[in-house]
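The values are calculated or read from the model by the stated rules, or taken from the named source; none is laboratory data. All values reported here derive from a predicted model rather than from experimental measurement. Here the Cβ positions follow ideal geometry from the backbone for every residue, glycine too, while neighbour counts run over all protein chains shown.
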Amino acid sequence: MGLSKKIQEFFHIPTWLFFILLSVVILRIPNFFEPYSYGDETIYLTLGNGVRNGFTLYKDLHDNKPPLLYITAAIAGNLFWFKGLLLISSLIGIVIFYRFSRKLFPKIRHFSSISTLIFSILSTLPFFEGNIVNAENFMIIPTLLAFYILLFKNNSYKNIFISGILFSISSMYKIPALFDVPAIFIYWVLLTKIDRKNLKKLAGKTLVLTVGIFLPIFVGFLYYTAKGAFNEYLTAAYLQNFGYISSWRPYAQKEPFLVKNAPLLMRAFVVVVINFVLILLRKRVNKKFLFLVSWTSFSLFGITLSERPYPHYLLQVVASLSMLTTLLFTSISMLQVYAILPLTLIFFIPMYFKFWHYRSINYYSNFFGLVTQKIPRREYLNYFGGRTINNYEIAAIIDRMTNKNDRIFVWEDSGQIHALAKRFPPFKYVAGYHISDFFSIEETVSLFSEIPPKIIVIFFDSDEQPLLAQFVRFNYLLYKETSDYQIWRWAGPHSRYVIP
């Protein structure tokens, strides 16, 4: 069978799945009307715009994720098409999930249909930020494909290597995707009779999978080395992610290593114990169920690395959550009882770390009010944050006052304005927290004497920076002031450039 025919067969769907996909399309229509408001989303678009303009990621523009999300944003070009790619990836991911769940427990009636429905809802609604373009939305596709190949296809070295490539693609959207990989090693152990011959085969498969994972990552390093950005790439895309570990507990950052990372090490110990118990149970419990529990444990470890409560982190565990929940309602075996334990863990983790969530009904009622003209557009925009209207006003002014090569600076978080106006900062840092974490306001002001931004915007609700304020008053002319912000225009080459 040719490759194209295999793909067609893979994506051939039943009627009920067509209606689920149609429902997802309908539920995602409001996504296309969202303003440029979500900070991370607009940072991705700003870096993506930089890629389209020949900038080198990490050296010319900074953020702390691997490159594929920014490349995806570059392909999109604007928020509308970014949401379009989100919709496409969502539909593809649902079909892949359906195929995976159908193969996982083929004898359990309605398992694939119910689990696919749950997965579709949880990955689409704003409850877990399914409406926002984040790395988690994209990395689930290659992860599911890799697991599909490794669980249901011949484990030839070719297939294992391809699966490694797929895992690598997931990790090049976001590093925590790699924490799903150990689940396949556990699955291989579950299937393996422990003797020298089988251990040798297991080592060979592990080696091939590891080579597949690290090859694209190695190519990425070669590329950025050729671009003169090796150190920046290593630091921003990889090493700075270690800084996220326990970063939600800033008071612990000065503690000794073992004290600071004690909660992380404890969670790692729990994951090891869980998987050790799964191996002990391999002769008594369905091995695919044990794989599902192992996958869940490693995913939960990945989403709690930073201890930050962002809802989109939970998307990494939505696939296993959907299947375990379905087992609870469809299985008539002991799997129904066994499913309670990992589900308890899944529900306990978000409560313990106080993960945020968003009310989907408010999101859709706000959109319904807009399309029925029951609420004005200004009120609709205010739903997405108090700065949203100001950001649009400022971006329009910047668009009139500057050309595409002019640099602008916004204090503080400014991804929305950069993405709207398609203008870049005078250095590689896009957001205020980038400066606070990796630069300083003193270095910023000093740099402005060499590379003066054409426009400086200061929001009054930002952290007050006297040094920046003095510099702006000496060297810029006030163009516009409101109760929320000031827009300053460069005074020109004859400015005194006084650095207070």
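Annotations
- From the list Ser306, Ser299, Ser322, the one residue that fits, being out of contact with any Leu (no Cβ under 6 Å at 6 or more places or on another chain) and outside any helix (DSSP H, G or I), is Ser306.
- The residues of segment 249-277 that are surrounded by 14 or more Cβ atoms within 10 Å (Cβ to Cβ) and modelled with pLDDT under 65 amount to a single one, Ala252.
- Within segment 1-24, being modelled with pLDDT under 95 and among the small types (Gly, Ala, Ser) holds for Gly2, Ser4.
- Answer residue from segment 369-395, given it is of a type outside the set (D, E, K, R) and surrounded by fewer than 13 Cβ atoms within 10 Å (Cβ to Cβ) and is nearest to Ile455 (Cα to Cα) among those: Gly386
- Ser333 vs. criteria surrounded by 16 or more Cβ atoms within 10 Å (Cβ to Cβ) and either modelled with pLDDT under 95 or polar (S, T, N, Q) (or both): no
- Restricting segment 279-312 to residues that are buried (at least 22 other Cβ atoms within 10 Å of the Cβ) and of a type in the set (A, V, I, L, M), the residue that is farthest from the chain's Cα centre (by Cα): Leu290
- From the list Ile398, Ile346, the one residue that fits, being touching a residue at least 12 places away in the same chain (Cβ under 8 Å), more than 23 Å from Phe119 (Cβ to Cβ) and crowded, with 18+ Cβ neighbours inside 10 Å, is Ile398.
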